[in-house]
Amino acid sequence: MSLRDENAEVVRRAYEAFNTADMATLTELFDENASWHTPGRSSIAGDYQGRDEVFGQFGRFVEGTGGSFKAVLQNVYASQDGRVVALHHNTGERNGNQLDVDCCITFEIKDGRCVYGAEHFFDLYAWDEFWS
């Protein structure tokens, strides 16, 4: 298996673990010093440093939607240099509102672990409105 394929598999496993709340696998796949960026102006936008803060952000997605938040993976594109782009579709319900947005995340993978992730929403206004 090439490094590109291995990195893509890390991301696929991370999505599966996120959607099933498999914290053991997420802990295995995210570096202790990982960082995360969520864009926008909503209360959950920001930069998160360290695995605990990143996982705290993931928890906000789930808790803020009463557990209905999902990120359904559609495609994964990986390069030999450790960068992976994952396209997915987000759904969830919050305060009677439905989330229905496409997103991609750019990941940096090093030694089989995620060290950085940045979300990019196709409709950032809809994302911000959902979390406002």
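Things worth noting here:
- Answer from VAL85, VAL54 - the residue that is closer than 19 Å to ARG113 by Cα, free of Cβ contacts under 8 Å to residues at least 40 places away in the same chain, buried (at least 16 other Cβ atoms within 10 Å of the Cβ) and not polar (S, T, N, Q): VAL85
- Of all residues in region 109-129, those being outside any strand (DSSP E or B) and under 20 Å from ASP47 (Cβ atoms) number 3.
Yes/no per residue for (1) acidic (Asp, Glu); (2) in contact with a Phe, Trp or Tyr (Cβ under 6 Å, 6 or more places away or on another chain); (3) at pLDDT 95 or above; (4) surrounded by 15 or more Cβ atoms within 10 Å (Cβ to Cβ):
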{"residue": "ASP47", "(1), (2), (3), (4)": "yes, no, yes, no"}
{"residue": "PHE69", "(1), (2), (3), (4)": "no, yes, yes, yes"}
{"residue": "ASN95", "(1), (2), (3), (4)": "no, no, no, no"}
{"residue": "GLY117", "(1), (2), (3), (4)": "no, yes, yes, yes"}
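- Identity of the residue in region 14-34, crowded, with 17+ Cβ neighbours inside 10 Å and not hydrophobic (A, V, I, L, M, F, W, C), that ends up farthest from GLY50 (Cα to Cα): TYR15
- Restricting region 2-44 to residues that are under 16 Å from VAL84 (Cα atoms) and outside any helix (DSSP H, G or I), the residue that is farthest from the chain's Cα centre (by Cα): SER2
- Region 97-112 - residue that is within 14 Å of ARG12 (Cβ to Cβ) and touching a helix residue (DSSP H, G or I) at 6+ places or on another chain (Cβ under 7 Å) and, of those, surrounded by the most Cβ atoms within 10 Å (Cβ to Cβ): ILE109
- With respect to the conditions (1) in contact with a Pro (Cβ under 7 Å, 6 or more places away or on another chain); (2) under 20 Å from ALA14 (Cα atoms), ALA45 lacks only one, and its number is (2).
- The residues of region 57-82 that are touching a residue at least 24 places away in the same chain (Cβ under 8 Å), in a loop (DSSP other than H, G, I, E, B) and more than 12 Å from the chain's Cα centre (by Cα), listed by number, are GLY64, THR65, GLY66, SER68, SER79, GLN80, GLY82.
- Enumeration of residues in region 38-54 that are within 16 Å of GLU129 (Cα to Cα) and among the small types (Gly, Ala, Ser): GLY40, SER42, SER43, ALA45, GLY46
- Within region 83-95, tally of residues that are assigned to a strand (DSSP E or B), of a type in the set (S, T, N, Q) and more than 11 Å from the chain's Cα centre (by Cα): 1
The values are calculated or read from the model by the stated rules, or taken from the named source; none is laboratory data. These numbers were taken from a predicted model, which means no experiment stands behind them. Neighbour counts run over all protein chains shown; Cβ positions are idealised from the backbone, glycine included.
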